[in-house]
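J.: Here you go, one structure.
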């Protein structure tokens, strides 16, 4: 950048001094002191009396009232000294007291208004107006009202002035107040300055009601206000009124019309008005050009704007600093920094003085393109020209440095701004705070927040929102809640983004009750959840494996007017897949696409992976093959899922061909891709091919992970090759990786299978020493090993260690432990895990629970849930009831899983009333019954020809807030219809319609398709 000055001069900021005024309070005198000597004595006393604290109360008002009642009060030295303590509220109180006549009131008002540092308020003006109106003679009321309006410096003051204007216009007083058009215009301009459009309309109607003739200024003021908002419809109405009144639009009118069309994005029409101005007898000025140039730049028509800028001279118009600033900003926006710099130099050549805004526009252009050295040069140029760096200058550079993650430079510049007294604004501080929070540097974020407050910059709602979001992402939920309370304490209003950040934090940690409480709180404060809030809740419930609740939120979301997005549907599809509801996941995909949403790479990745895990390889591959038509690029995860699925289904050659195809599709396989193929070779007992593939991936620069090595170790141990397995374990360490719990579990499993439980236990100790905690599979394997060898004491001890290490046992843990416990009691018994629940006696189970307690492993909900589920699977409902009773005696209440196990078992045994009792109890405890329970219940009742009872239960189902689509999919289609009960299904659907619960058109079409097939005599859709 060319510089016109060789030396940069840094302007120093003078330290502001504190101006403190002292004043004396005057004690009232008797009325007998009325001579000039008395006045002199009064002045002397005022000088000698000790000073008292100035007051705006009745004492000061009374003293003023007394002094103003004396003749020649202007010459009174006491009044002059007392005048230092007079504030606008004191003046208002004095005038409202009614002790002064109109002439004295007006004279004092003018006298005090000339005092240095004093400024009349709207209230003091209003008080004077009322005094003047109470008098019998008219005293400049219109002029005072006009000055009252001009004294407004905020929306609140304008509102007060407006109310005063309305009240005196209605009531009047001694003299009827008739505002002039000048007064009305002043009020309209003040209202327009603060965007108070409705109030402007009211005043315009009042002008007509008062039969005051609007002038050109009136119409221009109204036209300008609507043009500023881009509201051309209202603009045209006032333009028509202007023309109908016989007035002609002037240059200001046309300039405002150009502005309005620019604001409403009708640039061609704005250009037409601009071109027509000379033909209408109105000469264009620099403001006409600047308005249109700015409009063109804002809508990315910078070349046209520059062309217009260059033609200004031929129209006898010369760009001012504002015109140059607009053009420089436009050029910087499109990256034409050299042209922008030339314009800055042209400003100097013309003898104009660039403003801070001009420099900041160029500065912003450099910063947005990462040219910070050039930006620093602009800052030096500003100072060398005596243009002081302001808060926006620093804010632009600091925010840009933050976006580039140059935090040290940003904070250094922030400290410089503070040292120079530039007072960085809330946006500057927030930019730095945002980046710190984004990178998890919460301590630094809090430090910046403290720095804000210590420098007199109050954090706003957005600052707190960023901080709350950062705390939530770092799992500091309690601190996030405290910060929300702090917002309330400071009377800041949290936005939907604030609440949603907290909701997302709780959902991520599966604290759904807390998340719902936050939603209740936001609704109680009048803040409605938006699409993102619902999406976070849906994600949380899917994470918690409660997809029914997530689907019910989709219904609530649509009822509330929020529109689900691709992320919402992808979360729901993932939730259905996690629960194994693949058909429903695909139905959701169809519903999503029918709403005009296009599934993305993430959505298809989830579906392909889930289909492969469900063994539906053909469907997964067909979906994968369709991606090319949908312009979706396959990624590594899709290929990996397909390769894994093909390997698991024994199609290793096809899987290997996909690996070759990946390279052709420019999608290079990663460690996970090679690992699943290596696992496929190992499952086929092709260890050499697996090792060869390990060599291939290393040659291609793909480093194996602990998972890759563990797969090979597992196969080596299966073959009994412990030496090579241990060498492979050492290779994990030498490669810089760290073994996982699964790596060590492979050794534990191998040792246990050979009855070498001592070595298995030593391996667990070794992994703990390496800082790797045993997981659920490790403990289950070890417990099974001990049980197989008959070491039940050690098996129970392993269970105790498992619980103490916060690793929660599961159904398989208790099944294995109970199986070995039974074998210990009945030595000759031989049974599989499935036969365990058919043959075991309840007495043995109770004895097992007692043994657990002896090892300080008190049975919990998971324990009883496993036992009850085991008995329910083989329809031993009475035994399940005994376990339920034993659990309740121990002070434990059933959870959702236990209820669902009991409900399904009752339905299998045709004990539907008992199932319904459990459903009601479940709902009373706050659990949502699974739709599969209703599916079995309603289908069973239909089997028994008890359709009336089925309909009653269906009504109960519909009252629980399930998503209508999911009800149709799981209960009607996959339940009632698949059993061939078309009429019963139709009756239930009628109930849905009566309750205004309508599924989507796609679901209706699906149900119609199934109904049509059944009606054609195809009694069992399951046979298809």
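Every number here is computed from the coordinates shown, using simple stated rules; none is lab data. None of the values given here were measured: they were computed from a predicted structure. Cβ coordinates were reconstructed from backbone atoms using ideal geometry, including for glycine residues, and neighbour counts include every protein chain displayed.
J.: For every helix of n ≥ 4 consecutive DSSP H residues, a contribution of -39,500 (n - 2.57) applies; sum these over the chain, divide by its total residues, and give [θ] at 222 nm rounded to the nearest 500 deg cm²/dmol.
T.: Counting only the DSSP helices, I get -21000 deg cm²/dmol.
J.: Please rank 122, 321, 86, fewest neighbouring Cβ atoms within 10 Å first, as an exposure proxy.
T.: Ordered by Cβ neighbours within 10 Å, fewest first: 321, 86, 122.
J.: Of the listed peptides 960-969, 568-577, what is their order by residue-averaged count of other C-beta atoms within 10 Å, with the highest listed first?
T.: Result, highest mean Cβ count within 10 Å first: 568-577, 960-969.
J.: With angles folded into 0 to 90 degrees, how steeply does helix 531-543 sit against the dominant principal axis of the chain? Use alpha carbons for both and round to 10.
T.: Value to nearest ten degrees: 20.
J.: With N residues in the chain, what two-decimal value do you get for its Cα radius of gyration over 2.2 N^0.38 Å?
T.: Values: Rg = 41.0 Å, N = 1024, 2.2 N^0.38 = 30.6 Å.
Normalised Rg, Cα atoms only: 1.34.
J.: Three principal axis extents, largest first, for the C-alpha atoms of the stretch 174-259, in Å?
T.: Computed over the Cα atoms, the extents are 47, 29, 19 Å.
J.: Once you order the gyration tensor axes a ≥ b ≥ c over the Cα atoms, which shape class does the stretch 509-597 get: rounded for a/c under 1.5, otherwise prolate or oblate by comparing a/b with b/c?
T.: It is oblate, given that a/c is not under 1.5 and a/b is not larger than b/c.
J.: Place a point 7 Å from Cα of residue 649 in the direction of its Cβ. Which residues in the stretch 601-620 have their backbone N less than 11 Å from it?
T.: Residues 611-620 qualify, since their backbone N sits under 11 Å from the label point.
J.: Rounded to two decimals, what ratio of Rg to Rh does the stretch 457-516 give with C-alpha atoms and a Kirkwood Rh?
T.: Rg divided by Rh gives 0.96.
J.: How long are the three semi-axes of the equivalent ellipsoid of the stretch 874-977, in whole Å, if each is the root of 5 times an eigenvalue of the C-alpha gyration tensor, listed from largest down? Before the final figure, lay out the partial values.
T.: Working: eigenvalues 116, 50, 23 Å².
Over the Cα atoms of the stretch 874-977, the ellipsoid semi-axes are 24, 16, 11 Å.
J.: On to the next question. Which value in nm describes the separation of the simple spin-label points at residue 167 and residue 861, placed 7 Å from the Cα toward the beta carbon?
T.: 6.2 nm
J.: May I ask you to compute the full-extension gain from residue 544 to residue 266, defined as 0.36 nm times their residue separation minus their alpha-carbon distance, rounded to one decimal in nm? Before the final figure, lay out each step's value.
T.: Details: separation 278, 0.36 × 278 = 100.08 nm, distance 5.10 nm.
Taking 0.36 nm per residue and subtracting the Cα distance, the gain is 95.0 nm.
J.: In square nanometres, what is one fourth of the surface area of the convex hull spanned by the alpha carbons of the stretch 933-1024? Could you put the intermediate results ahead of the total?
T.: On the way: hull surface 21.8 nm².
Mean orientational projected area (the stretch 933-1024, Cα hull): 5.5 nm².
J.: Modelling each spin label as a point 7 Å along the Cα-to-Cβ direction, I'd like the residue 991/residue 316 distance in nm, to one decimal.
T.: 8.6 nm
J.: Take the Cα coordinates of the stretch 648-718, assign each an equal point scatterer, and use the Debye formula without solvent to give log10 I(q)/I(0) at q = 0.14 Å⁻¹.
T.: Summing over Cα pairs of the stretch 648-718 leads to -0.39.
J.: Convex hull volume of the Cα atoms in the stretch 674-818, per residue, in Å³?
T.: Each residue corresponds to 113 Å³ of Cα convex hull volume.
J.: Percent relative contact order of the chain, based on C-alpha pairs within less than 8 angstrom and at least six residues apart? All intermediate terms of the calculation are to be shown ahead of the outcome.
T.: Values: 1281 pairs, mean separation 40.3, N = 1024.
4 percent.
J.: Please express the shape of the stretch 592-640 as an equivalent ellipsoid: the semi-axes are the square roots of 5 times the eigenvalues of the C-alpha gyration tensor, given largest first in whole angstrom.
T.: After diagonalising the Cα gyration tensor, the semi-axes are 18, 12, 10 Å.
J.: Counting each pair of different Cα atoms once, what's the Kirkwood radius of the stretch 284-388 in Å, rounded to one decimal?
T.: For the stretch 284-388, the Kirkwood estimate is 13.7 Å.
J.: Among 555, 69, which comes first, then next, by fewest other beta-carbon atoms within 10 Å?
T.: By the 10 Å Cβ count, ascending, the order reads 69, 555.
J.: If only Cα atoms are counted, what is the Rg of the stretch 742-901, and what is its Dmax, in Å?
T.: Computed over the Cα atoms of the stretch 742-901, radius of gyration and Dmax are 15.8, 48 Å.
J.: Compute from the Cα atoms of the stretch 809-929 the Rg and the Dmax, the latter being the longest Cα-Cα distance, and quote both in angstrom.
T.: Taking only Cα atoms of the stretch 809-929, I get Rg and Dmax of 14.4, 46 Å.
J.: Calculated FRET efficiency, residue 718 and residue 825, Cβ-Cβ r, R0 25 Å, to nearest 0.05?
T.: 0.15
J.: Once you put a point 7 Å from the Cα of residue 416 and another 7 Å from the Cα of residue 734, both along the Cβ direction, what distance in nm separates them?
T.: 5.4 nm
J.: Roughly how tilted is helix 601-613, in degrees to the nearest 10 and between 0 and 90, from the longest Cα axis of the chain?
T.: 20 degrees
J.: Further question on the same structure: For the stretch 419-475, I need the span (max minus min coordinate) of the C-alpha atoms along each principal axis, in Å, sorted largest to smallest.
T.: 37, 20, 15
J.: Continuing with the same structure: Using the per-residue mean of other Cβ atoms lying within 10 Å as a proxy for protection, in what order, highest first, do the peptides 202-215, 390-403 fall?
T.: Most protected by this proxy first, the peptides run 390-403, 202-215.
J.: Using 0.36 nm per residue, how much length does the chain from residue 342 to residue 558 gain when fully extended, once their Cα-Cα distance is taken away?
T.: Fully extending the segment from residue 342 to residue 558 adds 72.3 nm.
J.: Take each of the peptides 740-751, 362-373, average the number of other beta-carbon atoms within 10 Å over its residues, and list them starting from the highest.
T.: In descending order of packing, they fall as 740-751, 362-373.
J.: Let me see the P(r) profile for the stretch 756-841: every Cα-Cα distance counted, bins of 5 Å, each bin given as a percent of all pairs.
T.: Binned Cα distances yield the sequence 3, 14, 26, 23, 17, 9, 5, 2, 0.
J.: What angle, in degrees between 0 and 90 and rounded to the nearest 10, separates the Cα long axis of helix 337-349 from the longest principal axis of the Cα atoms of the chain?
T.: Rounded to the nearest ten degrees, it is 10.
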